[in-house]
Amino acid sequence: MDKIFAATNEMLYQLSEEEFNRINEWYPIKVTSHIMSEISKKKSTRLAAQFLPDSRELQSDEGIGAFFPEEIHNTEIVVQKYPNRCMIYTTGVCFAHCRHCSRKEKWHEKNNFSYFLFDKAYLYINQNSHLEDVLLTGGDALANSDDNIEYMLEKLSAIAHIKSIRLATRAFTSFPDRITSKLCAILEKFNKVVVVTQFNCTDEFSDKTVAAIHNIQKTGTPILNQSVLLKGVNDEFRSIKDLFSTCAAHRVIPYYLFHCFNVKSVGHFRTNVELGEKIINNLVGNIGGWWIPRYILIPDSTGIKIPLCPNGLVEHSEASIRVKDYRGRILSYE
Ligand code: SF4
């Protein structure tokens, strides 16, 4: 903790010991040695802002209290927001605590993997044939042991109506050593698995991270990226453009850019929605189409995502459609 306290004061702002301890009590501070070494090697304020504490976490009381409280829970650990998909909270543990996390109110709950709860989730999914996709999340799905990951993948893969299983992890950024050859050998056995991660800036692509990405890809498992638009981390066109082109260079597919969540204690990270729209719409035509994710807003406590852009539509009447191309020309289509 002494090292984190010193790094916070060196990289970000002066925090008193009292403030530091209070933040730690409310929203526990957890950082890996990998992140600490990348922060110091790169003098990265963008990594520091994501993982080191900020006194504004204590001040901001806007937003939803707990993680999206109106989510529909089908079992203790299954949540369903869309007709054909559900997610399973497999663990409450993460390798590091991202200060902008939408689940930080849950950091105090020490939920570890439970066979009893997972088997109940499995039974529910097995009995509901309209479900086609499962997200294994947490916490960090890779914080589960290899044996538990294999157990979950084996059971879910055997369900005929499940077409894809997403594994949500931030280990590439926080703990790339977690991507071991043993884990890769497990993933290689299952052809329904997709890994979903979160890169928010190019400073997260360390040598170890890149090696981990490539090792996962060698198993035939695609990797999708879900970024969050964060003030002080990536709230500029150049930074987002570099992020998505770096993802593309490593065949990591930019999938979503989230508008920063409206949950308590992350208000200092939130930009206005217009900024995200402007950045994403300006990318259209300027970088490859598949490098551009959808910009997503979660407007209320149900946690349901609303895609905002890219969107070239200017006006849609009964007689015609007016659209804008990337050069700014307004075109009519009748
Ligand atoms: S890895 Fe995900 S769940 Fe864990 S702290 Fe970061 S954003 Fe939150």
Classify the stretch 61-194 as rounded, prolate or oblate, taking a ≥ b ≥ c as the square roots of the eigenvalues of its Cα gyration tensor: rounded when a/c is under 1.5, otherwise prolate if a/b is larger than b/c and oblate if not. oblate
Residue separation between residue 123 and residue 16 times 0.36 nm, minus their alpha-carbon distance, gives in nm 33.5 nm
Radius 12 Å from Cβ of residue 160, net charge of other residues (Lys, Arg +1; Asp, Glu -1): +1
Carbon and sulfur atoms account, in whole percent of the 1.4 Å probe accessible area of the stretch 244-334, for 51 percent
Once the other residues with Cβ under 11 Å from the Cβ of residue 94 are scored (Lys, Arg +1; Asp, Glu -1), what is the net sum? +4
Cα convex hull of the stretch 60-332: how many Å³ per residue? 142 Å³
Report ³J(HN,Hα) in whole Hz for each residue of the stretch 161-175, in order, from the Karplus equation J = 6.51 cos²θ - 1.76 cosθ + 1.60 where θ = phi - 60°; Gly and Pro get x. 7, 7, 9, 8, 10, 9, 10, 9, 8, 10, 4, 4, 8, 8, 8
Gyration tensor (alpha-carbon) shape descriptor, the stretch 261-334, a/c threshold 1.5: prolate
Work out the FRET efficiency for residue 316 and residue 145 from their Cβ-Cβ distance, taking R0 = 41 Å, and round it to the nearest 0.05. 0.20
Counting DSSP beta bridges in the stretch 60-332, what percent are antiparallel, to the nearest 5? 35 percent
Taking only protein heavy atoms into account and a 1.4 Å probe, give the accessible area per residue of the chain in Å². 46 Å²
Computed FRET value (nearest 0.05) for residue 180 with residue 251, which takes r as the C-beta separation and R₀ as 30 Å: 0.90
Tensor-based shape of the stretch 171-299 (alpha-carbon gyration tensor, a/c under 1.5 rounded, otherwise prolate or oblate): prolate
What translational D, rounded to a whole number of µm²/s, comes out for the stretch 120-196 from Stokes-Einstein when the hydrodynamic radius is the Kirkwood one over Cα pairs, at 25 °C and 0.890 mPa s? 191 µm²/s
Which order do the peptides 278-284, 188-194 take when ranked by the mean count of other beta-carbon atoms within 10 Å per residue, highest first? 278-284, 188-194
Can you pull a Stokes-Einstein diffusion coefficient for the stretch 1-126 at 25 °C (0.890 mPa s), Rh from Kirkwood over Cα pairs, as a whole number of µm²/s? 148 µm²/s
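The values are calculated or read from the model by the stated rules, or taken from the named source; none is laboratory data. Predicted model, so just to flag it, every value in this text is computed and none were measured. Because the Cβ atoms are built from the backbone with ideal geometry, glycine has one as well, and the counts that use them run over all protein chains shown. Accessible surface areas use protein heavy atoms only, side chains included; no ligands, DNA or RNA. Shrake-Rupley method; radii C 1.70, N 1.55, O 1.52, S 1.80 Å.
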